[in-house]
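Here is the structure we will look at.
The values are calculated or read from the model by the stated rules, or taken from the named source; none is laboratory data. Source: prediction; values computed, not measured. Here the Cβ is made from the backbone with ideal geometry for all residues, glycine too, and neighbour counts use every protein chain on show.
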């Protein structure tokens with residue numbers, strides 16, 4: 001069974017038992033969260049499902065991305081870095 005969930009403004013295709021990195025969610029490690037299901041598919045056919053229970057496995061921050069801004073002939077250079085926060089969730093049971 002495959003599910004399409006939406007969290008943090010992004011959509012993810014997940015299966016039960018899978019561990020997925022999503023945008024930062026509130027909650028402690030080991031807490032259960034409920035996520036809305038956009039669509040559910042089993043053997044190519046659409047199945048009704050409304051919510052998904054998932055367990056928070058861990059929190060963290062991704063690799064640093066360097067952003068370099070530059071304007072020629074103006075002596076303007078600016079370098080900044082960004083690390084995106086994430087939450088790892090383990091997909092659990094599907095609630096109808």
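Considering the conditions (1) in a strand (DSSP E or B); (2) more than 18 Å from residue 87 (Cβ to Cβ), residue 36 is excluded by exactly one of them, (2). For residue 49, which of the numbered conditions (1) surrounded by 13 or more Cβ atoms within 10 Å (Cβ to Cβ); (2) in contact (Cβ under 8 Å) with a residue 24 or more places away in the chain; (3) outside any loop (DSSP other than H, G, I, E, B) fails to hold? That leaves (3) as the condition not met. Of all the numbered requirements in (1) over 13 Å from residue 90 (Cα atoms); (2) in a strand (DSSP E or B), residue 28 misses one, and that requirement is (2). Kindly indicate whether residue 16 is touching a strand residue (DSSP E or B) at 6+ places or on another chain (Cβ under 9 Å), at pLDDT below 95 and assigned to a strand (DSSP E or B). In short, no. Within segment 72-96, the set of residues being out of contact with any strand residue (DSSP E or B) (no Cβ under 8 Å at 6 or more places or on another chain) and either in a strand (DSSP E or B) or touching a residue at least 40 places away in the same chain (Cβ under 8 Å) (or both) comprises just one member, 96.
Of all residues in segment 25-53, none satisfies the criterion of being out of contact with any strand residue (DSSP E or B) (no Cβ under 9 Å at 6 or more places or on another chain) and farther than 17 Å from residue 1 by Cβ. When residue 29 is tested against the conditions (1) surrounded by fewer than 14 Cβ atoms within 10 Å (Cβ to Cβ); (2) within 17 Å of residue 87 (Cβ to Cβ); (3) under 12 Å from the mean Cα position of the chain (by Cα), the lone failure is (3).
Considering only segment 57-69, I want to know if a residue exists there that is touching a residue at least 40 places away in the same chain (Cβ under 8 Å), touching a strand residue (DSSP E or B) at 6+ places or on another chain (Cβ under 8 Å), exposed (fewer than 11 other Cβ atoms within 10 Å of the Cβ) and part of a loop (DSSP other than H, G, I, E, B). No. Of all residues in segment 1-10 being in contact with a strand residue (DSSP E or B) (Cβ under 6 Å, 6 or more places away or on another chain) and either assigned to a strand (DSSP E or B) or free of Cβ contacts under 8 Å to residues at least 12 places away in the same chain (or both), which is farthest from residue 85 (Cα to Cα)? If we take residues in segment 1-10 being in contact with a strand residue (DSSP E or B) (Cβ under 6 Å, 6 or more places away or on another chain) and either assigned to a strand (DSSP E or B) or free of Cβ contacts under 8 Å to residues at least 12 places away in the same chain (or both), then 2 is farthest from residue 85 (Cα to Cα).
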